[in-house]
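Student: Structure incoming, see below.
Every number in this text was worked out from the coordinates using simple rules, so none of it is lab data. None of the values given here were measured: they were computed from a predicted structure. Heads up, the Cβs are rebuilt from the backbone with ideal geometry, glycines too, and the neighbour counts pull from every protein chain shown.
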Amino acid sequence: MTDRERFLNVMSYKPVDRCVYGAWTNAWPETVERWKKEGYNPSREPIFPADEFLWRGSWFYPNPPFERRVVKDEGNTVLFVNEEGILMRERKDNPMSSMPQFVRFPVETPDEFRRFYAERMRPDLAARIGPDHAAQLAALRLRKGFFVIGSDRWGGLFGGLRAMVGVERLCMLFHDDPMFVEEMMDAVADFIIAVLGRILEHTDLDCYAFWEDMAFKTGPLVSPAMFRRLALPRYRRVVEFVKSRGVPFVALDSDGDITSLIPIWMDAGIDILYPFEVQCGMDVVQFRHRFGRDLRMWGGIDKRALARDPSAIDAELQRVRPLVKDGGYIPVLDHGVPPDISFANYCHYAKHLRDIL
């Protein structure tokens, strides 16, 4: 089977020669540095040879991007405006592995939002992908791997809004000005449909993925009832459009405890959720029992087990093994690989995961 055929069959509960090899979680920079000291040579074959997985997540960002501009050098930190127009403070050491401080966002009023969308969220593929976008996209029809477009950070009905106004202000707007929230959601849905519509004129697609990240360790950042009322119609509009254009699966990415949000997303027609953070109580085995085969899942392997010992790793893999056999599931770690995981432990994980696949 090709990697694409295997992916589509696993997600459709059809027979496969093996499960998908999907080592998609990235190691932190500090993790890679630790592994190099422990014998890892990045120039050799990858530790876990993953199936061919084409992911495009940058085509939905503001365009033209903002000019990256340093506002103040503060010694150990730097205050700057990033390409998304967000004023943020970041550590100079290990900026990729620490959380920045978000100081100010590009949108504060409805008028600023309308101007922002008119100027920077146009569905112009020549600007977003390149002047040869038609040829680039047409070439993807010849792929052997599976192709997923994720509207990373700017293509969610919570995530796309928080990128403009910030988490705290967005949560308050759900209560204080729901009409403004609905206006922004409509614009995001229209934008996703416009961009994907133009892309699908030139190629086909195996999965589209929303990005939300709208929950913390013990629950969602907004009331599920309020989110259902405001977001569900917009989700349905996007999902119905995507599937009407022949895309078989729609996925959604949100960290945290998303238990109370899952029914909303399933009612919208979303097929796949990920990454199922175990430390937040996200148990993929229990969710299969609770929601059945209509819920496909990626992730759900507890990264903390890899920081312990081989027996803990083996037990964690055995925990998810029934889902591998059942289908509709791709076993990967529930987030990035932190530096408390040794190279030896990761190699043990990679070998034994291949065994159960």
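Student: Can you tell me the relative contact order of the stretch 11-136? Whole percent, Cα pairs under 8 Å, sequence separation 6 or more.
Tutor: 19 percent
Student: Determine the alpha carbon to alpha carbon distance for each of Lys36/Lys351; Lys14/Lys303; Lys72/Lys217 and list only those over 22 Å. Spell out each step's value before the answer.
Tutor: Details: Lys36/Lys351 19 Å; Lys14/Lys303 29 Å; Lys72/Lys217 33 Å.
Correct reply: Lys14/Lys303; Lys72/Lys217.
Student: Tell me, Asp283, Asp309 in order of fewest to most beta-carbon neighbours within 10 Å? Mind dumping the intermediate values first?
Tutor: Working: Asp283 17, Asp309 12.
Ascending Cβ contact count within 10 Å gives the list Asp309, Asp283.
Student: So, by mean Cβ neighbours within 10 angstrom, what's the order for 235-245, 271-281 with the highest one leading? The partial results should precede the final answer.
Tutor: Numbers: 235-245: 17.6, 271-281: 20.7.
Descending packing order for the listed peptides: 271-281, 235-245.
Student: While we're looking at this one, here's another question. Determine which aspartates and glutamates satisfy two conditions relative to Lys325: a Cα distance under 20 Å, and not lying fewer than 8 residues away in the same chain.
Tutor: Correct list for Lys325: Asp3, Glu5, Asp17, Asp51, Asp271, Asp283, Asp294, Asp302, Asp314, Glu316, Asp334, Asp355.
Student: How large is the helix-only mean residue ellipticity at 222 nm for the chain, computed as the sum of -39500 (n - 2.57) over DSSP H runs with n ≥ 4, divided by its residue count, in deg cm²/dmol to the nearest 500? The partial results should precede the final answer.
Tutor: Working: 14 runs with 149 residues, N = 357.
Estimated from H runs of four or more residues: -12500 deg cm²/dmol.
Student: Separate question: Quick one: Debye curve from the C-alpha atoms of the stretch 186-244, no solvent, what's log10 I(q)/I(0) at q = 0.24, 0.25 Å⁻¹?
Tutor: -1.04, -1.09
Student: Sticking with this structure for a sec: Which order do the peptides 344-351, 294-301 take when ranked by the mean count of other beta-carbon atoms within 10 Å per residue, highest first?
Tutor: Per-residue Cβ counts within 10 Å, averaged per peptide and sorted highest first, yield 294-301, 344-351.
Student: Give the shape of the stretch 67-183 as rounded, prolate or oblate, defined through the alpha-carbon gyration tensor: a ≥ b ≥ c are the square roots of its eigenvalues, a/c under 1.5 means rounded, and otherwise the shape is prolate if a/b is larger than b/c and oblate if not.
Tutor: Details: a/c = 1.96, a/b = 1.28, b/c = 1.53.
Here the stretch 67-183 falls in the oblate category.
Student: Another question, then. Filter the chain for me: DSSP H helices, axial length by Cα at least 30 angstrom, mean Kyte-Doolittle hydropathy not below 0.0. List them by residue number. Mind dumping the intermediate values first?
Tutor: Numbers: long enough: 178-199 (31 Å, 1.19).
Membrane-span-like by this rule: 178-199.
Student: Can I ask one more? Tell me the label only: which of (1) 20.6, 57; (2) 19.8, 63; (3) 26.7, 86 is Rg and Dmax of the Cα atoms in Å as calculated from this structure?
Tutor: (1)
Student: A further question on this structure: Only Cα pairs under 8 Å and at least 6 apart count here; give the relative contact order of the chain as a rounded whole percent.
Tutor: Relative contact order comes out at 19 percent.
Student: Compute the distance from the alpha-carbon center of the stretch 62-92 to that of the stretch 201-241, in whole Å.
Tutor: After rounding, the separation between the Cα centres reads 28 Å.
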